[in-house]
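Reading through the structure tokens given below for one structure.
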Number of protein chains: 2
Amino acid sequence: MLGSDYGGQVCASARALEVVGQRWTLLILRDLFLGFVRFDDLVDSLGVTRSVLARRLSHLEEHRLISRELYQEHPERYEYRITAKGAELLDVLARLLEWGETYYPHPDGPTRLLQHTGCGGAVRSLLTCTSCGDHLGPADVTALPGPARAGMSHPPTSEQGPGLRHLHGPRTGVETTDEP
Amino acid sequence: MLGSDYGGQVCASARALEVVGQRWTLLILRDLFLGFVRFDDLVDSLGVTRSVLARRLSHLEEHRLISRELYQEHPERYEYRITAKGAELLDVLARLLEWGETYYPHPDGPTRLLQHTGCGGAVRSLLTCTSCGDHLGPADVTALPGPARAGMSHPPTSEQGPGLRHLHGPRTGVETTDEP
DNA sequence: GACCCCGAGTCTCGTGACGAAACGCACTCG
DNA sequence: CGAGTGCGTTTCGTCACGAGACTCGGGGTC
């Protein structure tokens, strides 16, 4: 499953998902961040098949989200490091982690915490307005077509345009059906 | 289910990806946010197969990330709305969008912009320290095992622990190999 | 040298998810 | 009555994945 081609899509999130949207890819980056940097460590930690892992690693390297570093010659052995480009996806993982902890919590409590290395505080990924600096909820955000999208497809049944107006207020709690 | 099983993983991001990690799922949520809320609109907008779309929608509804709303009786017709639970993944999409625009830009410029509905400013997803309030880069963050992970697997080759110490400084530019 | 161990992939094979496109259904409209 | 609409479902071939054996280069021990 999870091929990587999303056809003629113009939206940048589709292009991002063509690179990191395949099965295991994001989890591999998470593990690299956690310090699992060698092939067999990744296999053990993730439970991914060796063949799939090899494919993903070379794909990630091709796109320069990771780099291979020699850590031993005779037998040549490489470990994998996240590049800056790859590291910028950490926010995505952080948000996914928060979301998972919220709606599918582990019975014994959180499994991972992110900490600000400097001050030791907890780290969250927040939607932030670069103009007024406020932290926003999903309902405070409107999507606009950018320049590259002049006259392209827009929602047909425009009785509800872009946005989430049926959810009201920031960090809304409506229908917050937490479930096991 | 549906090939989305990430085995015995304890980490919450794996659990999150079991729900939204399948092909098309995140893009479906994006389109719902943009206002494509009916079946055929989604098919046209995404280019996804009808059968796959139907599977994804019912999976998303099962997990209460979306809800079906009757918009016409005789023939019963439903449209799909994002719930608050689903809307909280908007951050993930926002970050993915930014990342895609940065590293795989469309020749004609950005394709989507996110705007603060209140003040009109641009919206970004930022790692934020809840204690000191700073905005952080990936290299400023350390991952800690939480309570549910007492004595579980940690990186074996601990010569590099969790974190990204080989990238230095916030929002580092090292190796920022932008490429076509 | 004989033997086993290690880490990092590669190969083979069976299953199952996906893509394409036709089909079914319930209802409206002319 | 026949055509059109909106929403799925079915069928079928292909391709990606999971499981696990296998290869390869080299080290350690005796």
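Since every read-out is calculated from the coordinates, none of them should be taken as a lab result. Remember, predicted model here, so these are calculated numbers, not experimental data. Every residue, glycine as well, gets a Cβ built from its backbone with ideal geometry; the counts of neighbours run over all protein chains shown.
Rg and Dmax over the alpha-carbon atoms of the range A:12-86 stand at 12.2, 43 Å.
Going from the fewest other Cβ atoms within 10 Å to the most, the residues A:E76, B:E88 appear in the order A:E76, B:E88. Residues B:V10, B:V92, ranked from the fewest to the most other C-beta atoms within 10 Å, line up as B:V10, B:V92. Between copies, the label points at A:T117 (set 7 angstrom from Cα along Cα-to-Cβ) are spaced 3.8 nm, reported in nanometres from shortest to longest.
The amide H of B:R23, built 1.01 Å from its N in the peptide plane, has A:L2 as neighbours under 5 Å, considering only residues 5 or more places off or on other chains. Couplings for the range A:50-63, taken from phi via the Karplus curve 6.51 cos²θ - 1.76 cosθ + 1.60 with θ = phi - 60°, read 4, 5, 5, 4, 4, 4, 5, 5, 6, 5, 5, 5, 3, 8 Hz in order; Gly and Pro are left as x.
Note on the range B:1-47 and the range A:68-88: Cα centroid distance 31 Å, given to the nearest whole angstrom. Taking amide H positions as modeled 1.01 Å from N, with prolines and chain starts lacking one, the residues under 5 Å from B:L136 and 5 or more places away or on another chain are B:L127, B:T128, B:C129. Per-residue Karplus couplings for the range B:64-71, computed as 6.51 cos²θ - 1.76 cosθ + 1.60 with θ equal to phi - 60°, are listed in order as 6, 8, 9, 9, 8, 10, 5, 10 Hz, Gly and Pro entered as x.
Label point of B:R165 (7 Å along Cα→beta-carbon): distances to the other copies' equivalent points are 5.3 nm, sorted ascending.
With a 10 Å Cβ neighbour count serving as the proxy for reagent exposure, in which order, fewest first, do B:T83, A:T49 appear?
Details: B:T83 22, A:T49 11.
Listing B:T83, A:T49 from fewest to most nearby Cβ atoms yields A:T49, B:T83.
Relative to the current alpha-carbon distance between B:Y71 and B:F39, full extension at 0.36 nm per residue lengthens the span by 10.3 nm.
Could you list the GluC sites (Glu not before Pro) in the range B:12-74 that lie in coil according to DSSP, counting only those with at most 13 other Cβ atoms within 10 Å of their Cβ?
Working: sites: B:E18, B:E61, B:E62, B:E69, B:E73; in loops: B:E73.
Taking the range B:12-74 and a limit of 13 other Cβ atoms within 10 Å, the loop GluC sites (Glu not before Pro) found are B:E73.
Computed over the alpha carbons of the range A:90-145, Rg followed by Dmax gives 14.0, 44 Å.
Phi angles across the range B:28-34 convert, under the Karplus curve 6.51 cos²θ - 1.76 cosθ + 1.60 with θ = phi - 60°, into 3J(HN,Hα) values of 5, 4, 4, 5, 4, 4, 6 Hz, Gly and Pro given as x.
Classify the range B:29-136: rounded, prolate or oblate, from the alpha-carbon gyration tensor (a ≥ b ≥ c, eigenvalue square roots; a/c under 1.5 rounded; otherwise prolate if a/b is larger than b/c)? It comes out prolate by the Cα gyration axes.
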